[in-house]
1. Any residue in segment 124-131 that is part of a strand (DSSP E or B), in contact with a strand residue (DSSP E or B) (Cβ under 8 Å, 6 or more places away or on another chain) and more than 30 Å from residue 67 (Cβ to Cβ)?
2. May I ask you to list the residues in segment 270-294 that are surrounded by fewer than 17 Cβ atoms within 10 Å (Cβ to Cβ) and either at pLDDT below 95 or β-branched (Val, Ile, Thr) (or both)?
3. Which one of 148, 192 is of a type in the set (Asp, Glu), modelled with pLDDT under 80 and either outside any loop (DSSP other than H, G, I, E, B) or within 26 Å of residue 302 (Cα to Cα) (or both)?
4. So which residues in segment 336-352 are buried (at least 17 other Cβ atoms within 10 Å of the Cβ) and out of contact with any Lys or Arg (no Cβ under 9 Å at 6 or more places or on another chain)?
5. Which residue is surrounded by the most Cβ atoms within 10 Å (Cβ to Cβ), if the candidates are limited to segment 372-388 and must be under 22 Å from the mean Cα position of the chain (by Cα) and within 25 Å of residue 44 (Cβ to Cβ)?
6. I'd like the full set of residues that are surrounded by 12 or more Cβ atoms within 10 Å (Cβ to Cβ) and at pLDDT below 90, limited to segment 18-30.
7. Surrounded by fewer than 18 Cβ atoms within 10 Å (Cβ to Cβ), under 30 Å from residue 62 (Cα atoms) and not polar (S, T, N, Q), is that true of residue 328?
Amino acid sequence: MKKALAILMIFALVASVAVAEVSIGAWGRGLFVPVSNSGKSDEDSVAQNKASWGGAPRIGFTIAGNSDNVGFQIDANGDGGGKMSLGDQQKIWVKPMDMLTISIGNVYDDTLRGNAAFGSFNWDRAMGTWTGEDVTFTRVSTADSLTEIGISDTSMGLKHGSYGQGFVVSVAPVEALYAVVAFTGLNGGLTENLAKNMQIAAGYTIDGIGQIRAQYKSNYAGNIILKDDDGNVIKDDAGNDEVEFIDETLGMVEAAFKLTMVENLMVDFGFRMWTNEDFQGETKTVSLYANYKMDALTVHGLAIYDLNKKDDGYNFAGGVDYDLGDGVAVAGDIRFTNDIKAGGKDAEVAFFAGVTKGFSNGKIGAGVQVKSAADTGYSIPVLLEYWF
């Protein structure tokens with residue numbers, strides 16, 4: 001009898017979890033780089049473990065609860081040992097009706113995002129490129145991060161991070177239309193500044209042609225950390241960061257069009273500009289990403305051009321992916337960045353080639369990367385990646 005009751009209790013527990021649809025998913029990527037060298041004279045080669053973007057390999061997982069009307073998501077990382085850390089999202093969401101979703105917490109919405117992630121961006125970015133995400137259209141985010149809207153291009157910096165509390169409302173009244181409003185960086189600031197920290201985005205899909213998108217994103221400057229012309233933080237006599245209150249709103253306007261009317265071809269064109277020239281500069285950016293798929297071959301192309309007040313910056317890239325069958329694939333890309341876009345020093349040329357073996361829930365691979373500017377550096381990354 002006791003055994004039967006125990007079995008019934010287990011079945012009841014399993015059934016309750018299934019109805020609630022609580023699930024665990026995961027994604028992670030790590031690189032073992034046995035040899036890497038920047039090419040500077042008298043510099044020894046180094047060996048390291050890292051993620052594509054630096055730091056320790058990403059060992060991430062997600063716990064999520066989903067039902068018809070209510071859910072939650074917690075992204076967490078176990079990178080590098082020592083202690084756990086948070087990932088992209090920690091949010092609660094509610095759907096009062098089918099067309100409306102309301103979210104609170106640390107929220108990201110990639111519905112309209114325009115990425116160009118291929119080639120070396122997915123490997124060792126330090127020896128390849130940091131350009132791959134938000135290229136044609138920036139994701140919706142509650143983070144109070146002004147690096148997304150150009151503040152990092154001036155002599156000033158902001159206290160900001162990758163995470164931020166916010167409140168997001170998204171609507172999809174018809175299948176072709178999606179719109180979202182996000183109040184970002186909610187940290188106890190004045191209510192009168194609430195509308196100065198927000199993001200408004202919308203996209204409309206034209207059947208058989210493509211999708212048009214537009215958005216406005218802003219942050220209230222408030223206290224900023226002063227930096228010199230070289231980007232170094234200015235210190236006061238006591239050694240503290242020099243902080244100045246700036247009663248300014250810094251913003252970004254974006255528009256993009258994704259062409260999908262040609263079979264196997266995707267072309268995404270984007271335009272971005274800042275709204276406060278005094279603090280963000282006068283840069284206007286035009287970007288174009290395209291890929292074409294033909295059987296086992298995928299060809300990538302990328303062009304970004306910055307229309308600056310003085311000299312213009314630009315970079316161009318091309319890449320290929322080829323599926324050899326049985327889970328084996330090869331990839332490569334080549335990139336050129338002029339001196340202005342690279343930081344005003346030297347133009348950069350980067351090359352990557354790699355091979356991977358894929359499985360049902362991940363892959364392993366190895367590659368070679370070369371980056372040439374004033375010096376020629378290289379790395380030989382070994383990649384391990386999983387998804388569940």
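The values are calculated or read from the model by the stated rules, or taken from the named source; none is laboratory data. For clarity, every value in this text was computed on a predicted model and none was experimentally measured. Here the Cβ is made from the backbone with ideal geometry for all residues, glycine too, and neighbour counts use every protein chain on show.
1. Narrowing segment 124-131 to residues part of a strand (DSSP E or B): none.
No, segment 124-131 contains no residue that is part of a strand (DSSP E or B), in contact with a strand residue (DSSP E or B) (Cβ under 8 Å, 6 or more places away or on another chain) and more than 30 Å from residue 67 (Cβ to Cβ).
2. Result: 275, 277, 278, 282, 284, 286.
3. Working: 192 fails: modelled with pLDDT under 80.
None of the others qualify; the one that does is 148.
4. Correct list: 337, 338, 341.
5. 381
6. 20
7. Values: surrounded by fewer than 18 Cβ atoms within 10 Å (Cβ to Cβ): yes; under 30 Å from residue 62 (Cα atoms): yes; not polar (S, T, N, Q): yes.
In short, yes.
Quick grid of which residues meet (1) within 28 Å of residue 334 (Cβ to Cβ); (2) among the aromatic types (Phe, Trp, Tyr); (3) touching a residue at least 24 places away in the same chain (Cβ under 8 Å):
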position: 236; (1), (2), (3): no, no, no
position: 260; (1), (2), (3): yes, no, yes
position: 271; (1), (2), (3): yes, yes, no
position: 278; (1), (2), (3): no, no, yes
